[in-house]
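S.K.: Attaching a single structure in structure tokens format; questions to follow.
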Amino acid sequence: MTRKLGTVTAAVVGSHPDDVAFVVDDGRGRTVEHRAGDTVPLASAIKVVHLATYARAVAPGELDPAEPVPLPEWKRWYLPNTDGGAHPKALQRLGVTEPDDTVTLEQMVTAMIQESDNAVPDYLRDRLGDAALADAARRTLEWQPAPPGLDGLGFKGGNLPGVVTEAMTDPDTMSQLSCAV
């Protein structure tokens, strides 16, 4: 499964080398870098929390990636003209053309990551709840509460070991994440 993640990563970097920058550190001395020293905007970073929450629900069978989701249920969370065309691009990629079409939950999550569809995180939040998101952020991504007086969450130690590290070491989680990267 790690090979699949590497193949997807290589394909993205190969086709968009100037649009991608990252550093992945598994905490055990293995790192992968591309344009690590470049300053680039961080887009939709919160979606990593939703992805981790989804993976944590799939692993024990709480969610089924093959579950069909009616298109109206996905579109209920879509706010037109707010995502740079991500939602319509996802529907096009998936071949969704009819109002009564269905997609799988996995396809939706893939759209959240691949096209940066903004409707999917809201759908997942509604399905899984705020507590699951907070737990995944805290346990899987090692996010910590902000210091007193500051709102939000921060990365422990300034790194992001969670989803990618877990994907590198846990075949069950990797099988779910590799489809969404």
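The values are calculated or read from the model by the stated rules, or taken from the named source; none is laboratory data. Everything numeric in this text was worked out from a predicted model, so none of it was measured. Note that each Cβ is placed from the backbone with ideal geometry, even for glycine, and that neighbours are counted across all protein chains shown.
S.K.: Among the listed residues Arg138, Arg125, identify the single one that is surrounded by 16 or more Cβ atoms within 10 Å (Cβ to Cβ) and either at pLDDT below 90 or more than 18 Å from the chain's Cα centre (by Cα) (or both). Break it down stepwise before answering.
M.R.: Numbers: Arg125 fails: either at pLDDT below 90 or more than 18 Å from the chain's Cα centre (by Cα) (or both).
Every option except Arg138 fails the conditions.
S.K.: Moving on. Which residues, taken from the stretch 106-122, are hydrophobic (A, V, I, L, M, F, W, C) and crowded, with 21+ Cβ neighbours inside 10 Å?
M.R.: Taking the stretch 106-122 and keeping what is hydrophobic (A, V, I, L, M, F, W, C), we get 108-109, 111-113, 119-120.
Correct list: Met108, Val109, Ala111, Met112, Ala119, Val120.
S.K.: Would you mind stating whether Val48 is within 19 Å of Gln114 (Cβ to Cβ) and at pLDDT below 65? Explain how you work it out, then say what you get.
M.R.: Numbers: within 19 Å of Gln114 (Cβ to Cβ): yes; at pLDDT below 65: no.
In short, no.
S.K.: Hey, another quick one. Quick one: what pairs do we get from the stretch 67-89, first residue within 17 Å of Asp126 (Cβ to Cβ), second assigned to a loop (DSSP other than H, G, I, E, B), C-beta under 6 Å, 6+ apart or different chains?
M.R.: Leu71/Asp101; His87/Tyr78; His87/Asp117
S.K.: If you don't mind, there's one more thing I want to ask. Would you mind telling me which numbered condition in (1) at pLDDT 90 or above; (2) surrounded by 17 or more Cβ atoms within 10 Å (Cβ to Cβ) Thr165 fails?
M.R.: Looking at each condition in turn, Thr165 falls short on (1).
S.K.: In the stretch 44-68, which residues are over 21 Å from Val20 (Cα atoms), touching a Leu at 6+ places or on another chain (Cβ under 6 Å) and β-branched (Val, Ile, Thr)?
M.R.: Thr53 - this is the single residue of the stretch 44-68 that is over 21 Å from Val20 (Cα atoms), touching a Leu at 6+ places or on another chain (Cβ under 6 Å) and β-branched (Val, Ile, Thr).
S.K.: Among (1) assigned to a loop (DSSP other than H, G, I, E, B); (2) exposed (fewer than 12 other Cβ atoms within 10 Å of the Cβ), where does Pro72 come up short?
M.R.: With respect to (1) assigned to a loop (DSSP other than H, G, I, E, B); (2) exposed (fewer than 12 other Cβ atoms within 10 Å of the Cβ), Pro72 is out only on (1).
S.K.: For Ala66, work out the one condition from (1) modelled with pLDDT of 85 or more; (2) surrounded by fewer than 12 Cβ atoms within 10 Å (Cβ to Cβ); (3) over 18 Å from the mean Cα position of the chain (by Cα) it doesn't fulfil.
M.R.: Here Ala66 meets the rest and fails (3).
S.K.: Show the residue pairs meeting these rules: Cβ distance below 8 Å; 6+ apart or different chains; first residue within the stretch 38-63 and surrounded by 15 or more Cβ atoms within 10 Å (Cβ to Cβ); second residue modelled with pLDDT of 80 or more and among the hydroxyl-bearing types (Ser, Thr, Tyr).
M.R.: Hits for this filter: Ser44/Ser116; Lys47/Ser116; Leu63/Tyr54.
S.K.: Quick one: how many residues across the stretch 51-88 are acidic (Asp, Glu) and within 17 Å of Glu115 (Cα to Cα)?
M.R.: Going residue by residue through the stretch 51-88, those that are acidic (Asp, Glu) are 62, 64, 67, 73, 83.
Now drop any that are not within 17 Å of Glu115 (Cα to Cα), which leaves 83.
Total meeting the criteria: 1.
Every residue, every condition in (1) small (Gly, Ala, Ser); (2) touching a helix residue (DSSP H, G or I) at 6+ places or on another chain (Cβ under 6 Å); (3) modelled with pLDDT of 95 or more, yes or no:
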residue	(1), (2), (3)
Val8	no, no, no
Ser44	yes, no, no
Arg56	no, yes, no
Asn81	no, no, no
Asp100	no, no, no
Thr110	no, no, no
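S.K.: Here is a further query. Scanning for something of a type in the set (S, T, N, Q), surrounded by 20 or more Cβ atoms within 10 Å (Cβ to Cβ) and at negative phi, does the stretch 82-103 turn up at least one residue?
M.R.: So far as the stretch 82-103 goes, no, none of its residues is of a type in the set (S, T, N, Q), surrounded by 20 or more Cβ atoms within 10 Å (Cβ to Cβ) and at negative phi.
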